[in-house]
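Taking it in order: structure first as structure tokens, then the write-up.
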Amino acid sequence: MVILIAHRGNTDGPNTERENSIPYINEALENGYHVEIDIWFVNKKWYLGHDLPQYETDIKYLQNPKFLCHAKNLEALYNMLKYDNIHCFYHKEDDYTITSKKYILTYPGKPLTDNSICVMPELYETEVPEFVYGVCTDYVERFKSQLNFSN
């Protein structure tokens, strides 16, 4: 069973005006998806946002077992790693990144394993094998029909 991860809350394509907002993230969760969210830690406060801290949140919200938290600054990574129940990672454009739960976040177009989270396969029109652990994409609705989906 493949875990489908809505990238920044997107389920049917990018929506830059709503990405990483709590209502948008919650909609993806309500539809049964996991969600990759972008996290900042600035002045002892937690924020969601891709290019900058936009939406204030708290540490309790980040502890949702369906979240994959992308640390956007060192302080966010450092502080999330203090919690065993936060699944997080940091990367820029690495081919492979290990998450705090020991999954291999795999850049688009790179070889995959059964422990891989395939990132944005739509960028390379990559066929996603059913043996991967998960798929992180803006188009989870599209991949839901193609893969043996688990929520």
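Laboratory data are not the source of any read-out in this text; all were calculated from the coordinates shown. No experiment lies behind these values; they were computed from the predicted model shown. Every residue, glycine as well, gets a Cβ built from its backbone with ideal geometry; the counts of neighbours run over all protein chains shown.
Compute the separation of the alpha-carbon centres of the range 11-66 and the range 88-121 and state it in Å as a whole number. Taking the Cα centre of each part, the range 11-66 and the range 88-121 sit 19 Å apart.
Here the range 96-150 yields Rg over Rh of 0.93, to two decimals, using C-alpha coordinates and the Kirkwood radius.
Figure legend: label point modelled 7 angstrom from the Cα of Glu30 along Cα→Cβ; residues of the range 62-93 with amide N under 18 Å from it are 66-67. Dipole magnitude for the chain: computed about the Cα centre from +1 point charges on Lys and Arg Cβ and -1 point charges on Asp and Glu Cβ, it is near 580 debye.
With an 8 Å Cα cut-off and a minimum separation of 6 or more residues, compute the relative contact order for the chain in percent. Normalised by residue count, the contact order of the chain is 28 percent.
Shape descriptor for the range 77-123: Rg over Rh equals 1.01 (Cα atoms; Rh from the Kirkwood inverse mean 1/r).
At an R0 of 25 angstrom, the distance between the Cβ atoms of Leu52 and Arg142 translates into a FRET efficiency of 0.30.
Think of the range 2-150 as having a plus end and a minus end, set by charges on the Cβ of Lys, Arg, Asp and Glu; of Val140, Pro121, His70, His70 sits farthest toward the positive end of this dipole. The average projected area of the range 2-150, computed from the convex hull of its Cα atoms over all directions, is 7.9 nm².
Quick one: if the Förster radius is 41 Å, what FRET efficiency do Leu81 and Lys110 give, using the C-beta to C-beta distance and rounding to 0.05? Efficiency at R0 = 41 Å is approximately 0.95.
Placing unit charges on the Cβ atoms only, positive for Lys and Arg and negative for Asp and Glu, gives the range 1-87 a dipole magnitude near 300 debye about its Cα centre.
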